[in-house]
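K.L.:
I'd like to ask some things about the structure below.
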Protein chains: 2
Amino acid sequence: MIKTPYLLFLGDAPDQLAAKVAQGIKDWRPENAVGQFRMDGCKADMGLADMTLEEAKAAGAKTLVIGVANRGGIISQEWKKVLVTALEEGFDLASGLHNLLREEADLVAVAEATGRMLHDVRIPEVKYPIANGEPRKGKRLLAVGTDCSVGKMYTALCMDKEMQDRGMKSTFRATGQTGILITGGGVPLDAVIADFMAGSIEWLTPDNDEDHWDIIEGQGSLFHVSYSGVTMALIHGGQPDALVVCHEPTREHMRGLPGYSLPSLEAVRDMALQLARVANPACEVIGYAVNTQNMDDDAARAYLADIEVKTGLPATDPYRYGAGKLVDALAALS
Amino acid sequence: MIKTPYLLFLGDAPDQLAAKVAQGIKDWRPENAVGQFRMDGCKADMGLADMTLEEAKAAGAKTLVIGVANRGGIISQEWKKVLVTALEEGFDLASGLHNLLREEADLVAVAEATGRMLHDVRIPEVKYPIANGEPRKGKRLLAVGTDCSVGKMYTALCMDKEMQDRGMKSTFRATGQTGILITGGGVPLDAVIADFMAGSIEWLTPDNDEDHWDIIEGQGSLFHVSYSGVTMALIHGGQPDALVVCHEPTREHMRGLPGYSLPSLEAVRDMALQLARVANPACEVIGYAVNTQNMDDDAARAYLADIEVKTGLPATDPYRYGAGKLVDALAALS
């Protein structure tokens, strides 16, 4: 686990979008962020207090989280100065960048000298077991999608928040870098060795109270040929009691695969459910989460209503219209 | 690639079964084995000429292949003496053991000093791409199974051999340690990082002649919750034109999963075909390969006949009764 709370490092972000990791933390775990650190020329702003390292330390921050994508895939000398000083002043560092903190000799040397941690959340830090498939106590929901990047993480975070607001027992379980940085823990599933994928998800979602729900972030899609194996491992390792099907209606082809069109919601529902029932025969699809960010309000509402008529299950854009319907369906299931 | 031909190291094998890697090489690539090396007390015998390292070198052997499982998961001092001498006499070493040659400091030192290679086939030696899903030239068959260890590798090897005997163009593509040692190359899929699984299979089965078949060794099962993600990656990365469904009828539950019963042949056929058609809409199931080693001849023949009646497709035990029927079906497809 990464020590919280964080100081969010925005560096010299060229725009708000470059700081989407910081945005995710600010949106979903504001209590984890005591402030932001911006360098000269930074164009991103989370609306948090700008702090020096010293001020953030005094405010209780334990970890400097790199909340911004780096340019050109290298950690610049300007960043380095801040990172080294942060280590010296007692911060751990956490990063989801492709180029690893641990591969920077100067950072490693300072971290060792100061006894601080370097968290590269792209790389597993746990030796996961091989999945044993045994039934676990507690309930689990998994977000599955028609494609990659259709809103599975946001759907899971929205549902978890709605459940918390209602006083239900739930835990968002991160399976990707951004989710891990938001919550401080999880499994970087895309970096796990093939044989241990399903086991890593069993490890992530252990026995729990009978009325507790793990809300598991999905990855990839059964219909995305590059990453379907990762999705499969989530379905069997997660042993879900409930599935929510996520979709983005304006996409013209599968992400990164121009020759592949998107599957229908029904095809994803049927395939995912059939496979999920191998591990958990009681599994049900409880509804649809649609990312309508590219549709106006009328079109979005009409699209959602149409899904509800066709499938007989609730459909919403949980980020735009709330996750209430989906949580209602989940509550009705348990 | 591992340099062939080999000298097969049988060590101090306690019985014939312990030397199953050597047996696989002897059975399927006898031209790769110039002889065997046995230590005092060895109870395995491949029926090959017993050779000293010097004699094997003179006979052209390039690599000493560890064809036997080690006891207790350690490479003993008795083995070490032979392995060190082999490196000094000019042999590369190849091993599928869990404990790696490269983690033995003395072997690494001698290999560096002598310029020899240490091949640990459990570990990928290639940086695989992410799968792009683009159609490839040539044809591919994939063996899928109701369970792990039901005979997918033997089915693929039998079919490849039958095709070679008929003068058809085919290549067996290994995806596990034993297959890699048998043929000298392949992908150790269970050790590949999740994001690159499907890409590794695309890499393994590239464009080829239009009338060439890659015969891809399967792994795991869509219905085996520990390894289904690996199977999924084979189905999408392999982009198969044809599937053969493999089965072992006497098994009482899924391997290593006492709570899970085996799926029906029909369930595997339907699920695998539907998923395979995401990557290759022309994919067909061409028949069934049944491992009947635990059945007498009458029972085996009756079982196979029954499958043929029920499914309308050829069924055989390719190791016991030949792969002719399956290759006939493949030839009819192309």
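K.L.:
For region A:166-202: of the residues being over 20 Å from A:LYS20 (Cβ atoms) and polar (S, T, N, Q), which is nearest to the other protein chains (Cβ to nearest Cβ)?
P.N.:
Here the answer is A:SER200.
K.L.:
Assuming B:THR183 fulfils every condition listed in (1) surrounded by fewer than 24 Cβ atoms within 10 Å (Cβ to Cβ); (2) modelled with pLDDT of 95 or more apart from one, which condition is it?
P.N.:
Only one criterion in (1) surrounded by fewer than 24 Cβ atoms within 10 Å (Cβ to Cβ); (2) modelled with pLDDT of 95 or more is unmet by B:THR183, namely (2).
K.L.:
Anything in region A:140-180 that is basic (Lys, Arg), part of a helix (DSSP H, G or I) and surrounded by fewer than 24 Cβ atoms within 10 Å (Cβ to Cβ)? List them, or say none.
P.N.:
Within region A:140-180, the first condition is being basic (Lys, Arg), and the residues that meet it are A:140, A:152, A:161, A:166, A:169, A:173.
Applying the additional criterion that residues be part of a helix (DSSP H, G or I) yields A:152, A:161.
Within region A:140-180, just A:LYS161 meets the criteria.
K.L.:
What's the number of the only condition in (1) of a type in the set (A, V, I, L, M); (2) surrounded by 24 or more Cβ atoms within 10 Å (Cβ to Cβ); (3) part of a loop (DSSP other than H, G, I, E, B) that A:ALA276 fails to meet?
P.N.:
(3)
K.L.:
Exactly one condition in (1) more than 17 Å from B:LEU181 (Cα to Cα); (2) free of Cβ contacts under 8 Å to residues at least 12 places away in the same chain is false for B:ASP45; which is it?
P.N.:
For B:ASP45, the failing item is (2).
K.L.:
Name the residues in region B:283-306 that are more than 14 Å from chain A (Cβ to nearest Cβ) and under 20 Å from B:LEU333 (Cα atoms), would you? Can you show your working first?
P.N.:
First, the residues of region B:283-306 that are more than 14 Å from chain A (Cβ to nearest Cβ): B:284-306.
B:GLU284, B:VAL285, B:ILE286, B:GLY287, B:TYR288, B:ALA289 - these are the residues of region B:283-306 that are more than 14 Å from chain A (Cβ to nearest Cβ) and under 20 Å from B:LEU333 (Cα atoms).
K.L.:
Would region B:102-120 turn up any residue that is touching a Lys or Arg at 6+ places or on another chain (Cβ under 7 Å), surrounded by fewer than 18 Cβ atoms within 10 Å (Cβ to Cβ), closer than 23 Å to B:ALA191 by Cβ and not assigned by the TED database to the domain that holds B:GLY186? Step through it out loud before you land on a result.
P.N.:
Let us first name the residues in region B:102-120 that are touching a Lys or Arg at 6+ places or on another chain (Cβ under 7 Å), namely B:106, B:108, B:118, B:120.
Checking the rest, the ones that are also surrounded by fewer than 18 Cβ atoms within 10 Å (Cβ to Cβ) come to B:106, B:108.
Still in the running and closer than 23 Å to B:ALA191 by Cβ: B:108.
Still in the list and also not assigned by the TED database to the domain that holds B:GLY186: B:108.
Looking for residues that are touching a Lys or Arg at 6+ places or on another chain (Cβ under 7 Å), surrounded by fewer than 18 Cβ atoms within 10 Å (Cβ to Cβ), closer than 23 Å to B:ALA191 by Cβ and not assigned by the TED database to the domain that holds B:GLY186, one finds at least one in region B:102-120, hence yes.
K.L.:
Name the pairs whose Cβ atoms lie under 7 Å apart, with the first residue in region B:264-280 and more than 9 Å from every other protein chain (Cβ to nearest Cβ) and under 19 Å from B:ILE201 (Cβ atoms), the second of a type outside the set (Asp, Glu) and assigned to a helix (DSSP H, G or I), and 6 or more positions between them or separate chains?
P.N.:
B:ALA272/B:ILE235; B:ALA276/B:ILE235
K.L.:
Of (1) in contact with a strand residue (DSSP E or B) (Cβ under 8 Å, 6 or more places away or on another chain); (2) within 14 Å of chain A (Cβ to nearest Cβ); (3) over 16 Å from B:GLY218 (Cα atoms), B:MET163 satisfies all except one. Which?
P.N.:
The single condition B:MET163 does not satisfy is (2).
K.L.:
Still on this structure, please answer the following. Can you tell me which residue in region A:203-236 is farthest from the other protein chains (Cβ to nearest Cβ), limited to those that are touching a residue at least 24 places away in the same chain (Cβ under 8 Å), buried (at least 24 other Cβ atoms within 10 Å of the Cβ) and out of contact with any strand residue (DSSP E or B) (no Cβ under 9 Å at 6 or more places or on another chain)?
P.N.:
A:TYR227
K.L.:
Separate question: Can you pull out the residues in region A:181-210 that are under 13 Å from A:TRP28 (Cβ atoms) and in a helix (DSSP H, G or I)?
P.N.:
A:LEU181, A:ILE182, A:THR183 - these are the residues of region A:181-210 that are under 13 Å from A:TRP28 (Cβ atoms) and in a helix (DSSP H, G or I).
K.L.:
List pairs: first residue in region B:126-143 and at the interface with chain A (Cβ under 10 Å from one of its Cβ atoms), second residue surrounded by fewer than 16 Cβ atoms within 10 Å (Cβ to Cβ) and not in a strand (DSSP E or B) anywhere in the structure, Cβ distance under 8 angstrom, at least six positions apart or on different chains.
P.N.:
That search, which allows pairs on different chains as well, returns B:GLY133/A:GLY259; B:GLU134/A:GLY259; B:PRO135/A:GLY259.
K.L.:
Only one residue in B:LYS3, B:LYS20 is within 17 Å of B:GLY184 (Cα to Cα) and under 17 Å from the mean Cα position of the chain (by Cα), so which one is that?
P.N.:
Working: B:LYS3 fails: under 17 Å from the mean Cα position of the chain (by Cα).
After applying the criteria, what remains is B:LYS20.
Yes/no per residue for (1) part of a helix (DSSP H, G or I); (2) hydrophobic (A, V, I, L, M, F, W, C):
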{"residue": "B:PRO281", "(1), (2)": "no, no"}
{"residue": "B:VAL285", "(1), (2)": "no, yes"}
{"residue": "B:TYR288", "(1), (2)": "no, no"}
{"residue": "B:LEU304", "(1), (2)": "yes, yes"}
{"residue": "B:VAL309", "(1), (2)": "yes, yes"}
{"residue": "B:LEU313", "(1), (2)": "no, yes"}
{"residue": "B:LEU326", "(1), (2)": "yes, yes"}
{"residue": "B:LEU330", "(1), (2)": "yes, yes"}
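K.L.:
Residues in region A:239-256: is at least one out of contact with any Lys or Arg (no Cβ under 6 Å at 6 or more places or on another chain) and part of a helix (DSSP H, G or I)?
P.N.:
No, region A:239-256 contains no residue that is out of contact with any Lys or Arg (no Cβ under 6 Å at 6 or more places or on another chain) and part of a helix (DSSP H, G or I).
K.L.:
Being of a type outside the set (A, V, I, L, M, F, W, C) and buried (at least 19 other Cβ atoms within 10 Å of the Cβ) is the filter; apply it to region A:63-81 and report the residue that is modelled with the highest pLDDT. Give the derivation first.
P.N.:
Taking region A:63-81 first, the residues of a type outside the set (A, V, I, L, M, F, W, C) are A:63, A:67, A:70-73, A:76-78, A:80-81.
Those left that are additionally buried (at least 19 other Cβ atoms within 10 Å of the Cβ): A:63, A:67.
Numbers: A:THR63: 98, A:GLY67: 95.
Filtering first and then ranking leaves A:THR63.
K.L.:
Enumerate the pairs (first residue in region A:14-30 and more than 12 Å from A:GLY179 (Cβ to Cβ); second residue anywhere and among the aliphatic types (A, V, I, L, M) and at pLDDT below 90) with beta-carbon separation below 6 Å, excluding pairs fewer than 6 apart on the same chain, so at least 6 apart or on different chains.
P.N.:
That search, which allows pairs on different chains as well, returns A:ALA18/A:ALA69.
The values are calculated or read from the model by the stated rules, or taken from the named source; none is laboratory data. For clarity, every value in this text was computed on a predicted model and none was experimentally measured. In this analysis, Cβ positions are derived from the backbone assuming ideal geometry, glycine residues included, and neighbour counts consider all displayed protein chains.
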